[in-house]
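Novice: Attaching a single structure in structure tokens format; questions to follow.
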Amino acid sequence: MGSNDDIRAACIDVLDRFMEALNRYDAAGMDATMHFPHLRLADGKFTVYEAPGCNPMDLFDRLRKEDDWKYSRWERRDLVQHNGDKAHVALSYTRYRDDDSVIGVYDSLYIITRVGGRWGIQVRSSFGP
């Protein structure tokens, strides 16, 4: 089992790469930070992404059209539980418009797992849409 610091660093790295890919609107880059099947619970809906390439980018198209979404940023990432192969990270993120005004701040819980020696996001539960 890894140390608290090692596991936290691995989780932060995965989350940083995920957010960078999201802000580039890079589905393949986001997939590279996930494990599959990947589960997402948001806006009252449970979605399973069975394999890379299943990320529904229409969510981001809708956010761009309806909210003028431009980018997102992590506000808080707290490692709340872990063992050597799984970590629960309580976090929040802010979505911003093109003019840098805030669309909203959303709390979430991500489950990050180590599979085949690689850490990746396995489950996301978010209070955001």
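What follows is calculated from the coordinates using simple rules that are stated; it is not laboratory data. Keep in mind it's a predicted model, so treat the numbers as computed, not measured. All Cβ positions, even for glycine, are placed from backbone atoms using ideal geometry, and neighbour counts span all protein chains on display.
Novice: Please check which bits of the stretch 114-128 a label hung off Lys45 would reach, taking the label as a point 7 Å along Cα-to-C-beta and the cut-off as backbone N under 16 Å.
Specialist: Once the point is set 7 Å along Cα→Cβ of Lys45, 124-128 turn out to lie under 16 Å by backbone N, inside the stretch 114-128.
Novice: Once amide H atoms are built 1.01 Å from N in the peptide plane, which residues 5 or more positions from Gly2, or in another chain, come under 5 Å H to H?
Specialist: Here the answer is Gly84, since their amide H atoms fall under 5 Å of that of Gly2.
Novice: Can I ask one more? Could you please report the charge total around Phe46, scoring K, R as +1 and D, E as -1 over all other residues with beta-carbon less than 12 angstrom from its beta-carbon?
Specialist: Charge balance in the 12 Å sphere: +2.
Novice: Under the Karplus relation 6.51 cos²θ - 1.76 cosθ + 1.60, θ = phi - 60°, what is the ordered set of whole-Hz ³J(HN,Hα) values for the stretch 76-92, x standing for Gly and Pro?
Specialist: Using θ = phi - 60°, the values come out as 8, 9, 10, 6, 9, 8, 6, 10, x, 10, 8, 9, 9, 10, 7, 8, 9 Hz.
Novice: Mean separation of Cα pairs under 8 Å and 6+ residues apart, divided by the residue count of the chain: what relative contact order is that in percent? Working shown, then result.
Specialist: Details: 245 pairs, mean separation 32.8, N = 129.
Relative contact order comes out at 25 percent.
Novice: If you keep only loop residues by DSSP, which GluC sites (Glu not before Pro) in the stretch 1-81 have at most 16 other Cβ atoms within 10 Å of their Cβ? Don't jump to the answer; show the numbers that get you there.
Specialist: On the way: sites: Glu20, Glu50, Glu66, Glu75; in loops: Glu50.
In loop regions of the stretch 1-81 (DSSP not H, G, I, E or B), the sparsely surrounded GluC sites (Glu not before Pro) are Glu50.
Novice: What value, in deg cm²/dmol to 500, does the helix sum -39500 (n - 2.57) over DSSP H runs of n ≥ 4 give at 222 nm once divided by the residues of the chain?
Specialist: Dividing the helical sum by the residues of the chain leaves -8500 deg cm²/dmol.
Novice: Pick the calculated volume of the Cα convex hull per residue in Å³ for this structure from [x] 95; [y] 113; [z] 147?
Specialist: Evaluating volume of the Cα convex hull per residue in Å³ on these atoms matches [x].
Novice: Still on this structure, I have one more. Based on Cβ point charges of +1 for Lys and Arg and -1 for Asp and Glu, what charge dipole magnitude is obtained for the chain about its Cα centre, in debye rounded to the nearest 20?
Specialist: Working: 18 positive and 21 negative charges, 48 e Å.
In total the dipole reaches around 240 debye.
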